[in-house]
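A short worksheet on the structure shown next.
The values are calculated or read from the model by the stated rules, or taken from the named source; none is laboratory data. Since we're looking at a predicted model, the values are computed, not measured. In this analysis, Cβ positions are derived from the backbone assuming ideal geometry, glycine residues included, and neighbour counts consider all displayed protein chains.
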Amino acid sequence: MTSSLPSRLPALAGSLLLLAGAGDAAAQGGRCLVDDPTGTPLNVRTAPNGAIAGTLPNGARVDPLDETTVGTKRWLFVSRDGERLGWVFAAYVVCDAGEGTREAAPIPPAGQR
């Protein structure tokens, strides 16, 4: 089941994500964009490789708040407009690196989250 966000994560999932280190960072201006090369909406999950909580369309602005690696795959915990959404596959999120270049989504230093 894939529904459009802003569907809400269950309260329990939100608590688990907080415990996983997502922190209480505010959105930082939507510096990153969903860029899924398959052209389909990007799944937002309750945990890396977890249940699908919703989707984000290509071009959606997101803010990475946390990251983790599972096996060889990097995952980002993202927010949008201040709302904490969930985990997305990092390879499908790109960020402005300045001077017109784009790179895979970086995670801001802990002091800026």
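Starting from residues that are loosely packed, with under 15 Cβ neighbours inside 10 Å and outside any loop (DSSP other than H, G, I, E, B), keep the ones in the range 60-95 and report whichever is nearest to the chain's Cα centre (by Cα).
Just the residues of the range 60-95 that are loosely packed, with under 15 Cβ neighbours inside 10 Å, to begin with: 69-73, 81-83.
Applying the additional criterion that residues be outside any loop (DSSP other than H, G, I, E, B) yields 69-70, 73, 83.
On the way: Thr69: 13, Val70: 15, Lys73: 14, Glu83: 11 Å.
Restricting to residues being loosely packed, with under 15 Cβ neighbours inside 10 Å and outside any loop (DSSP other than H, G, I, E, B), the top hit is Glu83.
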Legend entry - Residues satisfying the stated conditions in the range 32-53, i.e. among the β-branched types (Val, Ile, Thr) and over 18 Å from Glu83 (Cβ atoms): Thr38, Thr40
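Would you confirm whether or not the range 2-25 contains a residue that is modelled with pLDDT of 90 or more, surrounded by fewer than 16 Cβ atoms within 10 Å (Cβ to Cβ) and over 13 Å from the mean Cα position of the chain (by Cα)? Let's see the steps before the verdict.
If we filter the range 2-25 for residues that are modelled with pLDDT of 90 or more, which is where we start, we get none.
No: the range 2-25 contains no residue that is modelled with pLDDT of 90 or more, surrounded by fewer than 16 Cβ atoms within 10 Å (Cβ to Cβ) and over 13 Å from the mean Cα position of the chain (by Cα).
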Inset, instruction - Go through the range 33-59 and give me each residue that's out of contact with any Leu (no Cβ under 7 Å at 6 or more places or on another chain), outside any strand (DSSP E or B) and under 17 Å from Asp96 (Cβ atoms). - result: Asp35, Asn58
